[in-house]
Amino acid sequence: MRRRLFPSNIRFKLVVSLLLIVAVTGSLSLVIGVNIIDKNLVREATESVRNSLAATTELYNEEVEKRSRIVQYVAKTSEIVQATMTGDRAYLREALGRIKTEFGFDIVNVLNPDGTVLVRANNFDAWGDSVAHYRHIQWVLRNRKPAAGTGILGPENIRNEGRNLAERTPIKAVPTPLSRRHESSIEDRALVMKAASPIMENGRMVGLLYAAVLLNNNDSFIDRFRRLLFKEERNRGREVGSSTIFLEDVRVATTVMDSAGKRAIGTLVSDEVFRNVFEEGRTWIGPAFVVDSWYISGYAPLKDIDGRPVGMLYAGVLKDKYDDVLRTTAVLYLLVIGLTTLIAIVLSIYLVGLWTRPVRRIMAATQDIADGNYHRIETLPKDDDDTRKIAQGFNVMAAAIEERDRELQAMAERTILKSEKLASLGRLASGIAHEINNPLTGVLTYSSLLLEDLQGTEYAKDLEVIRDETLRCRKIVRGILDFARENVPEKILADINAVLDNALAILERNVHFQDIEIVREYDPDLPRIPVDVHQFTQVISNLAMNAADAMPGGGRLTLTTSFDREKRRIILRIADSGTGIPPEHQVRLFEPFFTTKDKGKGTGLGLPVVYGIIRRHNGTIDVKSAVGRGTEFTITLPAD
Ligand code: ADP
Ligand code: MG
């Protein structure tokens, strides 16, 4: 099965990460952007309403000022002064009537200096009553100066000024969810814009001209304000801007329409606004629910001549307009983000593909190597330096791996060949040895017999040579048979320390060991292990004989045993202080017939036999040696 070295796709991960970044930053910027726009919109709307309200107040004050000037001018005309002095009511009726229609006043009166009415242009038949208690009139009488402003007339006063006015005044107050009052009532007071001026003759006040405009149900001002301030801007079929005049908390003139499309005259302002404007006497700006919609609203107090609030001016813009702008902006924003995300997706897929191409090439090559094909990465002209370096490094690595693999393979082949060769060699050798063994025995027997018979003759010497050489042949033949013998070891549980001692007891008697000190370093707690005692004795004997050969002038032979509890094996070390083995010989030690000893002394079969026995015990044998210092053989045997 093909192994996957890279189960997850780098390209996919990169694209997903990039997209995540785009998505996160996109939505963040959407939230922040819409928020900022919303804040700015609200600020802008508030600012615009503040300006509109200021302009409304300005327009209103201008209107008051204009009317004040008219009244002052008329009060100065000699005809009026004359007629007032002489009490010419007929003339005054006609003159004041003209002024009333021409300048759009509802009330134009001339008063006597004591505050009694001389002429009412709007209600000629009602005269002689005193209006000295009207605040404005009181002020003008006292100060002999003109005055103008806003005020409230009670129902009785309005009735005195004429039936037509009394009919136009009453307004049904309609409570709204947030209003201060919750019961409907009739507002029968009148909010008026008024101006008064003393009529002077030679520094003497001969009378007083008083004129007023009824604001209740008066559309003309309010429509003009709206027209001037908000033009005709519409949103979803509705006027965006609106203007209102309040008598206290009642709408007495307004452009705000109710759901039926009628002017929302009489509806009450919210308690919050009322308290702010009336109790604190300040301008209030903010979102307010007006009649049936949210408006960004501004309310400014209207004060009477004593500075007391009597009403309010209102300017507002439908919040819808800003909400729509915000919605449109948000949708646009979303579209832009969507589009950029789409572009980002396409671009990132393309770019990531481009960037990861070298990586993917290397990945593919690596996979190839894992599969056993020695792939080289070709560098392309457009590759950057890093890619080129990686590719070069990769190719070097691939070459090294290929080389090593080839060597390993060759070595494995050689090893197999060698062991096969050795095996057949062993079979051949043991065959020959068997065949030779019998005739050799014959030669040995007869040469020995002949030697006995011919002892002391001239043939004795030659026969001795024959016998000795035959003995040497037999030794070689035995060695070959030992080496080639693949007989299964007869294992019994044995104490290695005891086996060592038995073997050494025989060896110590040998002449070779005369000058050799034997040191035993046994681990007393060795477990008993299964060994073929006879074969193992031969191992020790072969190694000890070699050691003795390497120490012709004497030396020390150290035998160490120990138990490796972790790996459950016995370790046996046989070390000598002999000549040591040069490295080029170390690799050949276990080769059959490798010997450095003189003919007749060494057969080169000692260590191969040892090796065979150890291997048949599932053990290992290792050698460490330093020339001139000595040699140490380490044997391990499994305990189980
Ligand atoms: P042989 O003893 O017949 O030569 P072996 O297989 O026993 O054959 O040993 C092979 C060679 O390894 C020896 O000829 C010797 O050169 C070397 N050798 C073995 N053991 C030792 C040792 N303890 N010290 C030095 N050389 C050794
Ligand atoms: Mg030997």
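Per the listing VAL539, VAL531, the residue uniquely surrounded by 19 or more Cβ atoms within 10 Å (Cβ to Cβ) and within 16 Å of ligand 2 (Cβ to nearest atom) is VAL539. Only one of the numbered conditions (1) open to solvent by less than 40 Å² (accessible area, probe 1.4 Å); (2) closer than 26 Å to LYS475 by Cα is violated by ALA494, and that is (2). The set of residues in segment 426-475 being among the hydrophobic types (A, V, I, L, M, F, W, C), surrounded by fewer than 16 Cβ atoms within 10 Å (Cβ to Cβ) and in a helix (DSSP H, G or I) consists of LEU428, ILE432, LEU449, ALA460, VAL465, LEU471. Test of understanding: among VAL110, VAL81, VAL71, which residue is touching an Asp or Glu at 6+ places or on another chain (Cβ under 6 Å) and either within 17 Å of MET205 (Cβ to Cβ) or not assigned by TED's automatic domain parsing to the domain that holds ALA212 (or both)? The unique qualifying residue is VAL81. Sub-7 Å Cβ pairs linking a first residue in segment 602-617 that is closer than 15 Å to ASN546 by Cβ to a second residue that is among the small types (Gly, Ala, Ser) and buried (at least 20 other Cβ atoms within 10 Å of the Cβ), at least 6 apart or interchain, are THR603/GLY479; LEU605/GLY479, ordered by first then second residue.
Tell me whether segment 198-220 contains one or more residues that are out of contact with any Cys (no Cβ under 7 Å at 6 or more places or on another chain) and in a helix (DSSP H, G or I). Within segment 198-220, one or more residues are out of contact with any Cys (no Cβ under 7 Å at 6 or more places or on another chain) and in a helix (DSSP H, G or I). Between ALA260, ALA253, the distinction of being small (Gly, Ala, Ser) and open to solvent by less than 10 Å² (accessible area, probe 1.4 Å) belongs to ALA253 only. Of all residues in segment 570-583, those that are within 16 Å of ligand 2 (Cβ to nearest atom), aliphatic (A, V, I, L, M) and either part of a helix (DSSP H, G or I) or touching a helix residue (DSSP H, G or I) at 6+ places or on another chain (Cβ under 7 Å) (or both) total 1. Total residues in segment 584-604 satisfying the condition of being more than 6 Å from ligand 1 (Cβ to nearest atom) and part of a loop (DSSP other than H, G, I, E, B): the figure is 10. Go through segment 624-640 and report how many residues are of a type in the set (Gly, Ala, Ser), open to solvent by less than 50 Å² (accessible area, probe 1.4 Å) and more than 16 Å from ligand 2 (Cβ to nearest atom). Here the count works out to 3. Do we find a residue being in contact with a helix residue (DSSP H, G or I) (Cβ under 6 Å, 6 or more places away or on another chain), outside the structural domain of GLY311 (by TED's automatic domain parsing) and over 30 Å from ALA288 (Cα atoms) anywhere in segment 25-36? Yes: one or more hits. Looking only at segment 125-167, which residues are over 19 Å from LYS100 (Cβ atoms) and among the charged types (D, E, K, R)? The answer is ASP129, ARG135, ARG142, ARG144, LYS145, GLU156. The single condition among (1) modelled with pLDDT of 95 or more; (2) within 16 Å of ligand 1 (Cβ to nearest atom); (3) closer than 26 Å to PRO638 by Cα that ARG556 does not meet is (3).
Looking only at residues of segment 610-640 that are near ligand 1 (Cβ under 8 Å from one of its atoms) and in contact with an Asp or Glu (Cβ under 6 Å, 6 or more places away or on another chain), we find that the one that is nearest to PHE483 (Cα to Cα) is THR631. Taken over segment 326-384, the criterion of being within 30 Å of ASP405 (Cα to Cα) and touching a Gly at 6+ places or on another chain (Cβ under 9 Å) is satisfied by ARG360 alone.
Of the residues making up segment 152-179, those that are surrounded by fewer than 16 Cβ atoms within 10 Å (Cβ to Cβ) and out of contact with any Ser or Thr (no Cβ under 7 Å at 6 or more places or on another chain) are GLY154, PRO155, GLU156, ARG163, ASN164, GLU167, PRO177.
Within the group ASP549, ASP576, which residue is under 19 Å from ILE506 (Cβ atoms), within 13 Å of ligand 1 (Cβ to nearest atom), open to solvent by 30 Å² or more (accessible area, probe 1.4 Å) and not aliphatic (A, V, I, L, M)? Exactly one of ASP549, ASP576 is under 19 Å from ILE506 (Cβ atoms), within 13 Å of ligand 1 (Cβ to nearest atom), open to solvent by 30 Å² or more (accessible area, probe 1.4 Å) and not aliphatic (A, V, I, L, M), namely ASP549. A residue that is open to solvent by 40 Å² or more (accessible area, probe 1.4 Å) and within 16 Å of ligand 2 (Cβ to nearest atom) occurs nowhere in segment 555-569. Residues in segment 372-393 that are of a type outside the set (S, T, N, Q) and in a loop (DSSP other than H, G, I, E, B): GLY372, TYR374, HIS375, ARG376, ILE377, GLU378, LEU380, PRO381, LYS382, ASP383, ASP384. Scanning segment 502-511 finds no residues that are open to solvent by less than 60 Å² (accessible area, probe 1.4 Å), over 14 Å from PHE633 (Cβ atoms), of a type in the set (Asp, Glu) and away from ligand 2 (no atom under 14 Å from the Cβ). Mind listing whichever residues of segment 559-569 are out of contact with any helix residue (DSSP H, G or I) (no Cβ under 8 Å at 6 or more places or on another chain) and either on the phi < 0 side of the Ramachandran plot or within 7 Å of ligand 1 (Cβ to nearest atom) (or both)? Within segment 559-569, THR560, SER562, PHE563, ASP564, ARG565, GLU566, LYS567, ARG569 meet the criteria.
Contact map, segment 525-542: first residue hydroxyl-bearing (Ser, Thr, Tyr), second residue surrounded by fewer than 16 Cβ atoms within 10 Å (Cβ to Cβ), Cβ cut-off under 9 Å, separation 6 or more or different chains; pairs are THR537/ASN502; THR537/ILE506; SER541/ILE506.
The values are calculated or read from the model by the stated rules, or taken from the named source; none is laboratory data. Every value quoted in this text rests on a predicted model; they were computed, and no experiment measured them. Neighbour counts are summed over all protein chains in view; Cβ atoms, including those assigned to glycine, are modelled from backbone coordinates with ideal geometry. Calculation scope for accessible area: heavy atoms of the full protein, side chains included, ligands and nucleic acids excluded. Shrake-Rupley method; radii C 1.70, N 1.55, O 1.52, S 1.80 Å.
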